[in-house]
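A.B. asks: One structure is given below, represented as C-alpha cells, and several questions about it will come after.
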Amino acid sequence: YRTTNRGGSGIVNIITSARNGNVVASLPIGNNDQLMLLTDKAKLIRCPVKDIRIAGRNTQGVTILKTADGERVMSAI
C-alpha cells in the first residue's frame, strides 16, 4: 500500500460484492505461512499461503472457504 497525504482519494483494498461479501481480515503474510479460517458453525480450514493464487487488490479476490447460509467467518489467523 502506498502512503497518502491529507486530501488523498484513498486506496482500494478489495472490491466487495454479493459474491464475495465483506473483508474479514487483512494480515501480513509470507510465502511459507499458513492461513487458518474458523466459522461460527465450527468449520475450520487450514491451507498454505503458497497454494493461494495471487490476485491484485482491485479485484474480487480468491475464494478460500465457501460458507453455508447464515454461517460467518469468525476468525482468521
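A.B. asks: So in the stretch 21-31, with the set limited to residues that are of a type in the set (S, T, N, Q) and open to solvent by 100 Å² or more (accessible area, probe 1.4 Å), which one is nearest to the chain's Cα centre (by Cα)?
C.D. replies: Step one: list which residues in the stretch 21-31 are of a type in the set (S, T, N, Q), which gives 22, 26, 31.
The next check asks that each one be open to solvent by 100 Å² or more (accessible area, probe 1.4 Å); those that pass are 22, 31.
On the way: 22: 9, 31: 15 Å.
Across the stretch 21-31, the extreme among qualifying residues is 22.
A.B. asks: When the residues of the stretch 32-56 are narrowed to those that are open to solvent by 100 Å² or more (accessible area, probe 1.4 Å) and in a strand (DSSP E or B), which ends up nearest to residue 70 (Cα to Cα)?
C.D. replies: Looking at the filtered set, the residue picked out is 44.
A.B. asks: If residue 62 satisfies every condition in (1) assigned to a loop (DSSP other than H, G, I, E, B); (2) in contact with an Asp or Glu (Cβ under 8 Å, 6 or more places away or on another chain) but one, which is the exception?
C.D. replies: Failed condition: (2).
A.B. asks: What's the total number of residues in the stretch 42-54 that are farther than 18 Å from residue 73 by Cβ and modelled with pLDDT under 90?
C.D. replies: Step one: list which residues in the stretch 42-54 are farther than 18 Å from residue 73 by Cβ, which gives 48, 50-51, 53-54.
Filter again for modelled with pLDDT under 90, leaving 53-54.
Of the residues in the stretch 42-54, 2 are farther than 18 Å from residue 73 by Cβ and modelled with pLDDT under 90.
A.B. asks: Taking residue 3 as the residue in question, decide whether it is surrounded by 10 or more Cβ atoms within 10 Å (Cβ to Cβ) and of a type outside the set (A, V, I, L, M).
C.D. replies: Working: surrounded by 10 or more Cβ atoms within 10 Å (Cβ to Cβ): no; of a type outside the set (A, V, I, L, M): yes.
No; evaluated as a whole, the condition is false for this residue.
A.B. asks: Separate question: Could you go through the stretch 60-71 and let me know if any residue there is open to solvent by less than 40 Å² (accessible area, probe 1.4 Å) and among the acidic types (Asp, Glu).
C.D. replies: Yes, the conditions are met somewhere in the stretch 60-71.
A.B. asks: Assigned to a loop (DSSP other than H, G, I, E, B), open to solvent by 60 Å² or more (accessible area, probe 1.4 Å) and modelled with pLDDT of 90 or more - does that describe any residue in the stretch 11-20?
C.D. replies: Scanning the stretch 11-20 turns up no residue that is assigned to a loop (DSSP other than H, G, I, E, B), open to solvent by 60 Å² or more (accessible area, probe 1.4 Å) and modelled with pLDDT of 90 or more.
A.B. asks: Please list, ordered by first then second residue, the pairs with beta carbon atoms under 7 Å, 6 or more apart or interchain, first in the stretch 9-25 and without any contact (Cβ under 8 Å) to a residue 60 or more places away in the chain and over 14 Å from residue 63 (Cβ atoms), second among the charged types (D, E, K, R) and open to solvent by 70 Å² or more (accessible area, probe 1.4 Å).
C.D. replies: 11/2; 12/57; 13/57
The values are calculated or read from the model by the stated rules, or taken from the named source; none is laboratory data. This one's a predicted model, so the numbers in the text were calculated from it and none came from an experiment. Every residue, glycine among them, receives a Cβ derived from its backbone with ideal geometry; neighbour counts consider all protein chains shown. Areas reflect the complete protein model, heavy atoms only, side chains present, ligands, DNA and RNA absent. Shrake-Rupley method; radii C 1.70, N 1.55, O 1.52, S 1.80 Å.
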